[in-house]
Amino acid sequence: MNTSAPTENAKITIKKKQDGSPESLEFENATGDFHNSYRFMSANLVQARVKDTQFKGVTWNVEFVPTVASIQRLKWQSQANAEQANFQIRTEQGDLKFYFGDHSSHAGNFVFHPGIRGTLKRSWSYPVKAVISILDLVGDKTFRISDDGAAQITVDSGLAVYNYILPAQS
């Protein structure tokens, strides 16, 4: 068995269709025991599969900088409620709380950010994995939530600023 890095002496091949257009990119290491194939897609096919949505903007009712401790608490709560794909966000008595599950089976909640400015009149659901993945990125983060059903997490890496807009889940 080859224990060298898969990219040492790699062979890269572009496979072509009968009309000469590229079909796929093939990677194989020198011994042939490490192989990957990446198929190209036409721009028309990509555009047909990926819908272009326009974010028209909302009023952000709540804005704060999440703490490392709050992010860790979210991870712990998501592990305790691993069967839940989404969580709900609410403001209660000046605190921003995250709720998991429902009380008919298994449920939990915790204060994600105490002493929040602003309020949410509605409870919206957001995907647990997506929010945790974004909050795990390196950089300064700002979290914004709207009563219109959107959340935005901005990550400033020091090199670039990324805005992740999450529509509420139904």
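The values are calculated or read from the model by the stated rules, or taken from the named source; none is laboratory data. The model shown is predicted, which means the values in this text are computed figures rather than measured ones. Counting neighbours? That spans all protein chains shown, and the Cβs are built from the backbone with ideal geometry, glycine included. Quick note on the areas: whole protein, heavy atoms, side chains included, nothing else; ligands and nucleic acids left out. Shrake-Rupley method; radii C 1.70, N 1.55, O 1.52, S 1.80 Å.
Residue ranking by accessible heavy-atom surface, 1.4 Å probe, largest first, among V161, V131, V111 comes out as V161, V111, V131. Figure note: R144, R73, R39 ranked by solvent-accessible area, largest first, 1.4 Å probe, ligands and nucleic acids not counted: R39, R73, R144.
Charge tally for I132 (other residues, Cβ to Cβ under 13 Å; Lys, Arg +1; Asp, Glu -1): +3.
Whenever you get a sec, compute what percent of the accessible area on segment 61-110 sits on carbon and sulfur atoms (1.4 Å probe). Here it works out to 47 percent. Straight-line reach from K17: which lysines have a Cα under 28 Å away, not including same-chain ones fewer than 8 places off? Once the sequence-local lysines are set aside, what remains near K17 is K51.
Solvent-free Debye calculation, one equal scatterer per alpha-carbon of the chain: log10 I(q)/I(0) at 0.10 Å⁻¹ equals -0.60. Amide H contacts under 5 Å for E92: K97, restricted to partners 5 or more places along the chain or on a different chain, H placed in the peptide plane at 1.01 Å from N. Across F98, F27, F110, mean-square fluctuation computed from a Gaussian network of the chain (C-alpha pairs under 10 Å connected) peaks at F27. When the chain is treated as a GNM with alpha-carbon contacts under 10 Å, the residue of Q84, Q18, Q72 showing the greatest mean-square fluctuation is Q18.
In this structure, Q93 and A69 have a Cβ-Cβ separation that, at R0 = 30 Å, corresponds to a calculated FRET efficiency of about 0.90.
Summarising the amide proton neighbourhood of F40: residues at separation of 5 or more, or on other chains, whose placed amide H is nearer than 5 Å comprise S24, L25.
Provide Y164, Y126, Y38 ordered by accessible surface of protein heavy atoms (probe 1.4 Å), highest first. Each step should come with its number before you reach the end.
Details: Y164 75, Y126 0, Y38 125 Å².
The most accessible residue leads, giving Y38, Y164, Y126.
Annotation for V138 and S42: the two label points, set 7 Å from Cα along the Cα-Cβ direction, are 4.1 nm apart. At a probe radius of 1.4 angstrom, the accessible area of segment 70-170 per residue rounds to 55 square angstrom. The mean sequence separation of alpha-carbon pairs under 8 Å and at least six residues apart, normalised by the residue count of segment 27-170, gives a relative contact order of 22 percent. F40 exposes around 90 Å² of accessible area when a 1.4 Å probe is run over every protein chain in place.
Residues whose amide H falls under 5 Å from that of Q169, counting only those 5 or more places apart or on a different chain, are S125, Y126, with hydrogens built in the peptide plane.
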